[in-house]
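A short write-up of the structure that comes next.
The values are calculated or read from the model by the stated rules, or taken from the named source; none is laboratory data. Owing to the predicted nature of the structure, the values given are computational and were not obtained by experimental measurement. Here the Cβ positions follow ideal geometry from the backbone for every residue, glycine too, while neighbour counts run over all protein chains shown.
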Amino acid sequence: MQRRTVLAGLGASLFGGIGTAFAQGYPNAPVKMIVPYSAGGGIDAVARLMAQGMGEELKQNFVVDNRAGAGGMLGAEAAAKAAPDGYTVLLAGNPELTITPSLHAKVSYAPLSDFTPVALVSQSPNLLVANASLGAKTLREALDAARKTSGGITVGTPGNGTPQHIAVELLRSQTGLDIVHVPYKGAAPATVGVLGGEVSFALVGAPPLLSHLNAGKLVALAVTQPRRSPLVPAVPTVGEALGIMRDDDFVAWYGVLVPARTPAEIVQQLEKAAFAVLQRPDTRAKLAALGTDLVAMPGKQFAERMRAETKQYGDIIKRFAIKAT
């Protein structure tokens, strides 16, 4: 019995030493950062900012690998199945990490158990906007004006099953208004829709809206989060505008994760590198230029947020029987 105990202790010590030595030599090869969307979008730009910065901090190349498809699920699946050695990281958002499990019957990965969160990087406010020609300055005025038009209250979003779609369903339920959800194939088409008068409102993330807001073509009426966004501080929350959805948080966030079972020492190195980038004096301004607010949340708190948000979205999806298509 004593011999077995000694051998077990030696084994644990040996493998623990190997893990520590492996982590001390990390990274000695390029690190792949999977982004589950095409190049050129908002999340891709955030990923490239983080990849460059983390590469500089760890003195190794971080290569962005765009794996688009299936609403972000293909890239997330590839990351979940990668070797847990620190040489594959994922920069992803809430659609594929906290909404997908409740929205799709068959998902090949389990976000809460297949990933270890490293750091929540930033979040973009979802803005409810209207065409300036509607002549409304507040959300209440805009809803009243739209209700009187032949088309009624129509809200365009980036698609079925997105955070914006879920927010629209909750808005309809809590206001009692006859709101028609119009799903587009992405934020850019939804923005074009409200600019062209196809819909009376659009609820999308900030990046494609900023230039149109600055040009006076669109009016920002509310953000779907508990507090005002530093990116658009003059825009009230839905809670302020209508007295509802005060505690509901519908934002688009971006975070760094690794496959589960990645050695803790490597996770710590990645988290340290990510925070070094996020604490640089110019990072906040660079993220703001991309339409997203710096968050800088450590991995443990990020994991807690994922768990809470998964339940939040799951409850709403079940309540309103929201479908992906």
Flagged pairs (Cβ under 7 angstrom, 6 or more apart or on separate chains; first in the range 149-170, closer than 18 Å to Ala130 by Cα and assigned by TED's automatic domain parsing to the domain that holds Glu309; second basic (Lys, Arg) and surrounded by fewer than 24 Cβ atoms within 10 Å (Cβ to Cβ)) are none
A careful count of residues in the range 254-265 that are within 20 Å of the chain's Cα centre (by Cα) and assigned to a loop (DSSP other than H, G, I, E, B) gives 1
Margin query: Checking the structure you have, find out if any residue of the range 38-53 is touching a strand residue (DSSP E or B) at 6+ places or on another chain (Cβ under 9 Å), assigned to a helix (DSSP H, G or I), of a type in the set (Lys, Arg) and over 16 Å from Val118 (Cβ atoms).
Written below: yes
Of (1) at pLDDT 95 or above; (2) in a helix (DSSP H, G or I); (3) over 28 Å from Lys272 (Cβ atoms), Ser102 satisfies every one except (1)
Would you check if Val182 is in contact with a Leu (Cβ under 9 Å, 6 or more places away or on another chain), free of Cβ contacts under 8 Å to residues at least 60 places away in the same chain and buried (at least 16 other Cβ atoms within 10 Å of the Cβ)? no
Scanning the range 182-205 for residues that are assigned to a helix (DSSP H, G or I) and not aliphatic (A, V, I, L, M), the one farthest from Glu141 (Cα to Cα) turns out to be Pro189
Note on Asp248: of the conditions (1) in a helix (DSSP H, G or I); (2) within 20 Å of Arg319 (Cβ to Cβ), unmet is (1)
Those residues of the range 266-325 which are in contact with a helix residue (DSSP H, G or I) (Cβ under 8 Å, 6 or more places away or on another chain), in a loop (DSSP other than H, G, I, E, B) and not hydroxyl-bearing (Ser, Thr, Tyr) amount to Arg280, Leu290, Gly291, Ile322, Lys323, Ala324
Handout entry: Meets criteria (part of a loop (DSSP other than H, G, I, E, B) and either in contact with a helix residue (DSSP H, G or I) (Cβ under 7 Å, 6 or more places away or on another chain) or farther than 30 Å from Pro281 by Cβ (or both)) for Val107
Key = yes
When (1) in contact with a helix residue (DSSP H, G or I) (Cβ under 8 Å, 6 or more places away or on another chain); (2) surrounded by 16 or more Cβ atoms within 10 Å (Cβ to Cβ); (3) farther than 13 Å from Asn126 by Cα are applied to Val194, the one that fails is (1)
The residue that is nearest to the chain's Cα centre (by Cα), considering only those in the range 158-174 that are surrounded by 21 or more Cβ atoms within 10 Å (Cβ to Cβ) and not in a helix (DSSP H, G or I), is Thr162
Per the filter on the range 210-233, residues within 23 Å of Ala146 (Cβ to Cβ) and basic (Lys, Arg) are Lys217
Of the candidates Leu143, Leu127, Leu120, Leu177, the one satisfying the condition of being in a loop (DSSP other than H, G, I, E, B), over 20 Å from Gly314 (Cα atoms) and either in contact (Cβ under 8 Å) with a residue 24 or more places away in the chain or of a type in the set (S, T, N, Q) (or both) is Leu177
